[in-house]
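No value in this document is a laboratory result; all are computed from the given coordinates. These numbers come from a predicted model, not from an experiment. Glycine also receives a Cβ, built like all others from the backbone with ideal geometry; neighbour counts cover every protein chain displayed.
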Amino acid sequence: MSDKTFNALLLEKDNDEFSASIKPLTVSDLPEGDVLVEVAYSTLNYKDGLAVTNKGKVVRGFPMVPGIDFAGTVAESSSPDYKPGDKVVLTGWGVGETHWGGFSQMARVKAGWLVPLPAGLTLEQSMGIGTAGFTAMLCVLALEKLGLTPDAGEVAVTGASGGVGSVAVAVLAKLGYTVVASTGRTESHAYLKELGAAEIVDRSPFAPSKRPLESARWGGAVDTVGGEILAALLKAMKPEASVAACGNAGGFDLPTTVLPFILRGVNLLGINSVMVPYDERVEAWRRLAQDLPLDALNKAMEVAPLSNIKSLAEDILKGQIRGRLVIDVNA
Ligand code: NDP
């Protein structure tokens, strides 16, 4: 296997000159790790869009193979946990940022970063979920841990037609929540209804206001946008309600006051999908296989070839990708 040639998207920097191109590599080029995986699918996440277009300082060293997640079949393993032929999924751990990632036909990683392909999902479906969907489930689990139940009333999902948002809408709807999906795209309304949203709102309920608190509307929230939208959510949470904040598609700033926290007991739950312990990852994937309806997943995902990755990376940064984009690394 050591001299096998395969293709990967390679990001390079030469005297500050950035390039991204699909190149032939050999297995011996891959970084160290105890499991060699024949990658079938990766996905395009917002972070991948930043990496491939050289924005946002996602990539920590060059040359780099981006792709923060992948699913595939073990080709070689020196770990007792995996053997050739096992189907595996990887999200996080700096893969595609500090360690060569999934926009490649082969990847070599640490066994501890992998989880077995969850029962009931194909490799393609697991990447239909990918890091974005995994993060959506971490948000749901965090909200449940703080006591969210369907009788809490309306639960908001912002950036709803994006990858995280789409999966959050579908999972929460399946679990019986009254999901209010916020989107800036009118063309996504029918899609979000199909995923199970009870109501669609534009971004106007989350417009900036000078008032430190608004009428308490939301029983819970998943926020993928950050910035003014997260600030507006916090102002309108019901007493003791929680927001799971995982994204910054709309900005890094959080122009809020302490009043939602000290007058309403609102909880702001930070979600980081990168360094999740093994047992929690397995549980999140088990819940995804159980609580994400496959018909919703099929509506939310499309498959595109790795050869189109550069223009798709531009599209996701412009908010033009709906749902989840699976990348076929062999096409
Ligand atoms: P997508 O690009 O698929 O979705 C983001 C959505 O946010 C867009 O579809 C759009 O939704 C909305 N949006 C984009 N720009 C703006 C804006 N300026 N103002 C308001 N809304 C906007 O990305 P993902 O779903 O993959 O990721 C969402 C966020 O979560 C990203 O910031 C990403 O970095 C983060 N993330 C964090 C993780 C973690 O571990 N914490 C893991 C995975 C993702 P619409 O068109 O419906 O309005």
Query raised in the report: Which of the peptides 11-19, 167-175, 125-133, 287-295 is most tightly packed, and how do the rest follow, judged by the mean count of other Cβ atoms within 10 Å per residue?
Result: 125-133, 167-175, 287-295, 11-19
Report summary line: The computed P(r) of segment 129-270 puts the percent of Cα pairs beyond 28 Å at 8 percent
Requested in this report: Would you list the membrane-span-like helices of the chain, meaning whole DSSP H runs whose alpha-carbon atoms span at least 18 Å along their axis and whose mean Kyte-Doolittle value is at least 0.5?
Outcome: 123-145
**Report entry** Length released on extending from E187 to L213, taking residue separation times 0.36 nm less the Cα-Cα span
**Finding:** 6.3 nm
Query raised in the report: Label V303 and T98 with points 7 Å out from Cα along Cα→Cβ: what is the distance between them in nm?
Result: 3.4 nm
**Report entry** Contour minus Cα-Cα distance for E17 and K57 (0.36 nm per residue)
**Finding:** 12.9 nm
Query raised in the report: aspartates and glutamates near K23 by alpha-carbon distance under 17 Å, same-chain residues fewer than 8 away left out - which ones?
Result: D3, E12, D14, E38, D328
Query - Charge context of R281, other residues only, Cβ under 12 angstrom, K/R +1, D/E -1 - result: -2
Report summary line: Here the tail fraction of P(r) beyond 33 Å, over all Cα-Cα pairs of the chain, rounds in percent to 26 percent
Query raised in the report: For segment 87-98, in order, what is each residue's ³J(HN,Hα) by Karplus, 6.51 cos²θ - 1.76 cosθ + 1.60 with θ = phi - 60°, in whole Hz (x at glycine and Pro)?
Result: 8, 9, 10, 10, 9, x, 6, x, 5, x, 10, 10
Report task. Please give the peptides 139-146, 300-307, 201-208 ranked by average Cβ packing (other Cβ atoms within 10 Å per residue), highest first, as a rough proxy for protection. Result -> 139-146, 300-307, 201-208
Query raised in the report: What translational D, rounded to a whole number of µm²/s, comes out for segment 48-150 from Stokes-Einstein when the hydrodynamic radius is the Kirkwood one over Cα pairs, at 4 °C and 1.567 mPa s?
Result: 87 µm²/s
Report task. Please list the radius of gyration and Dmax for segment 1-103, considering alpha-carbon atoms only, with Å as the unit. Result -> 13.6, 42
Report summary line: In nanometres, the difference between 0.36 nm per residue of separation and the alpha-carbon distance of D291 and Y278 is 2.7 nm
Query - Cβ-based net charge around T131, under 13 Å, with every Lys or Arg adding one and every Asp or Glu removing one - result: 0
Report summary line: The FRET efficiency for K310 and T73, from their Cβ-Cβ distance with R0 = 41 Å and rounded to 0.05, is 0.95
Query - For G101, residues with placed amide H under 5 Å, excluding near neighbours - result: V65, G96
Query raised in the report: So, with +1 on the Cβ of K and R and -1 on the Cβ of D and E, and no other charges, what is the size of the charge dipole of the chain about its Cα centre, to the nearest 20 debye?
Result: 740 debye
Requested in this report: Relative to the compact-globule scaling 2.2 N^0.38 Å, provide the ratio for the alpha-carbon radius of gyration of segment 1-46.
Outcome: 1.36
